[in-house]
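J.: This is the structure I want to talk about, given as structure tokens.
The values are calculated or read from the model by the stated rules, or taken from the named source; none is laboratory data. Bear in mind the structure is a predicted one, so any value in this text is a computation, not a measurement. When we count neighbours, we look across all protein chains shown, and the Cβ atoms used for this are built from the backbone with ideal geometry, even at glycine. The area values use the complete protein model at the heavy-atom level, side chains included, leaving out ligands, DNA and RNA. Shrake-Rupley method; radii C 1.70, N 1.55, O 1.52, S 1.80 Å.
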Amino acid sequence: LALQDQALALTDSEGGRQVVLSNRAATLDALGRYAEAQAAYELVLADERRTLGDLHPRVARTYSSLGLVRMRQGLPEQAVLLQRQALAIVLAGPHAEQDTRWDTLLNLGIALTAAGRFDEALPAIDEALTLATRLLGPEHPHVALCLSARANALRDAGRADEAVASARSALALFERSY
């Protein structure tokens, strides 16, 4: 954090400031300092919306990151709203089929799972899995992340047999990947 503070003091561009603040927010999130991470992401989001516009992919990424923080704070419904905002921006962009769509769908599915909304979570996760497999290849570690999220949603929905099968697939892919 001290190095990020120094970088922030030395940064004279708006874009550079946003990147440093976003990295700082991610660091605070990783440290479990969620209130500080939330405040940092909200600052980044305000700056990005002002300078880049509401439909910029970086704005979508920040909404998604903020949603993950809100989920870790035990506020899954707020996380769902933020993930939906991120997905709307991604879908409005010229490259809606590219990398960010699967990731945003996965984050939405994870938030919906945390909110106990399994009938909505599983289709989002399954679409993320399909896109990640198509875009990244069936052996990519991110496909395993999707399978793992699917297993968690199935488990929480009380579908144990399906959850075990998905978890085994995720584990096998993780083992092959690393």
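J.: Counting other C-beta atoms within 10 Å, and keeping those with at most 14, which DSSP coil GluC sites (Glu not before Pro) do you find in the range 106-148?
T.: Values: sites: GLU120, GLU127, GLU139; in loops: GLU139.
Passing both the DSSP loop test and the Cβ count: GLU139.
J.: Once the Cα atoms of helix 14-30 and of the chain are each reduced to a long axis, what angle between those two axes, in degrees from 0 to 90 to the nearest 10, is obtained?
T.: 50 degrees
J.: Round to the nearest 10 and give me the degree value, 0 to 90, for the angle of helix 76-92's Cα axis relative to the longest principal axis of the chain.
T.: 80 degrees
J.: Can you give the net charge of the other residues whose Cβ lies under 12 Å from the Cβ of LEU68, counting K and R as +1 and D and E as -1? Walk me through the numbers on the way to the answer.
T.: Working: positive: ARG61, ARG70, ARG72; negative: ASP29, ASP103.
Counting the neighbours of LEU68, the net charge comes to +1.
J.: While we're on this one: Round to the nearest 0.05 the FRET efficiency obtained for ASP119 and THR51 when R0 = 45 Å and r is the Cβ-Cβ distance.
T.: On the way: r = 39 Å, r/R0 = 0.86.
Efficiency, from the Cβ-Cβ distance: 0.70.
J.: Report the Stokes-Einstein translational diffusion coefficient (µm² s⁻¹, integer) for the chain, Rh taken as the Kirkwood radius over Cα pairs, at 37 °C with viscosity 0.692 mPa s. Kindly include the intermediate steps, with their values, before the conclusion.
T.: Numbers: Rh = 17.0 Å.
The diffusion coefficient I find is 193 µm²/s.
J.: Measure nothing fancy, just the Cα-based angle from helix 57-72's long axis to the longest principal axis of the chain, in degrees from 0 to 90, nearest 10.
T.: So the inclination is approximately 70 degrees.
J.: Let me ask something else. For GLY109, what is the net charge nearby, where nearby means another residue's Cβ is under 9 Å from its Cβ and Lys, Arg count +1, Asp, Glu -1?
T.: On the way: positive: ARG150; negative: GLU120, ASP126, GLU127.
Overall, the nearby charge balance is -2.
J.: Oh, and also: For ASP126 and ALA35, what does the FRET efficiency come to when R0 = 22 Å and r is the distance between their Cβ atoms, rounded to the nearest 0.05? Can you show the working numbers first?
T.: Working: r = 33 Å, r/R0 = 1.52.
That pair, ASP126 with ALA35, gives E of 0.05.
J.: For the range 55-114, what is the accessible area per residue in Å² when the probe is 1.4 Å?
T.: On the way: 2550 Å² over 60 residues.
That works out to 42 Å² per residue.
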